[in-house]
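The values are calculated or read from the model by the stated rules, or taken from the named source; none is laboratory data. Remember, predicted model here, so these are calculated numbers, not experimental data. We place every Cβ from the backbone using ideal geometry, glycine too, and count neighbours over all the protein chains shown. These area figures cover heavy atoms from the full protein model, side chains too; ligands, DNA and RNA do not enter into them. Shrake-Rupley method; radii C 1.70, N 1.55, O 1.52, S 1.80 Å.
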Amino acid sequence: MRQHVQALYRLGWSAIHIAKAANTTESHVIKILEGKPRHTRKETARAILALPLVPGAAERQHHNPVGTVRRLHALMRVGWSAHTIAQRCGSTLATIRGASRGIVSYRTASLVAQVYEELSGTPGDNPNTAKTARVLGYPSPMAWDDDTIDDPKAKPRGIANKPAPKPHSYVDGCVVSRLIMGQHQGLRPSRAERDAALLALDRAGLNYAAIGGRLGMDTDSAERALMRAKARQRQGQQKGAA
């Protein structure tokens, strides 16, 4: 049953939505995700196992961000600005900026994938975007194969094995994805990567204890870290609007 809940979560279901669909509580779903349920009624177990393994319908629910982040970074590397990408997606600039940091709904992931197919082979409209992306070490579309770009284990071609030191603002989609799935051991995420994971887990409906469990923090530390991440997000949005 835990594997089924984990599969639903990877497809964009939040703990809240799984709980509502199975007529149980959010806290019980989180315990199942963490492998710590004391007891699950047969009716609840059957209801959870009956939930279809399809992407969650609500736009708030989150998709594995790896492929979307890579596609956005690759488009930026060839000069496509976040503003133009947002227009092509029929989305907002804030949504695309959030997606580039790993905060990705299934709908946004689908739209970005479509735009990537259209634009990845064409030089973009903003040389400054391309310059910034190059400085940050974003791989170009040529570094990825269509059948591996969504695989967290895949590595871009033509990128040195030893990356340059990462600034606080750099976000690697693979790192964010591993943090979200609780695979924090051995990682040294940038502040922006940890912020992206914190915000994604919060919007997915996890409480402070569950977020801390994913990121290797105690409950109080997770609460403080999330508050700081939200404050930095607001500051970034205010600067972007200025």
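A compact table of results
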read-out	value
Only Lys, Arg (+1) and Asp, Glu (-1) charged, at Cβ; the chain dipole about Cα centre in debye	600 debye
Within the accessible area of the chain (1.4 Å probe), percent carbon and sulfur	50 percent
Amide hydrogen neighbours beyond the local backbone of S105, cut-off 5 Å, H modeled	H63
Charge-dipole axis of the chain as Lys and Arg at +1 and Asp and Glu at -1 on Cβ define it, positive-most pick from W80, I96, G182	G182
Added length on full extension, which subtracts the Cα-Cα distance from 0.36 nm per residue, L49 to Q185	46.0 nm
Theoretical gain in end-to-end length, H39 to Q238 [0.36 nm per residue, Cα-Cα removed]	67.0 nm
Separation in nanometres of the label points that stand 7 Å from Cα toward Cβ, at Q114 and R157	2.9 nm
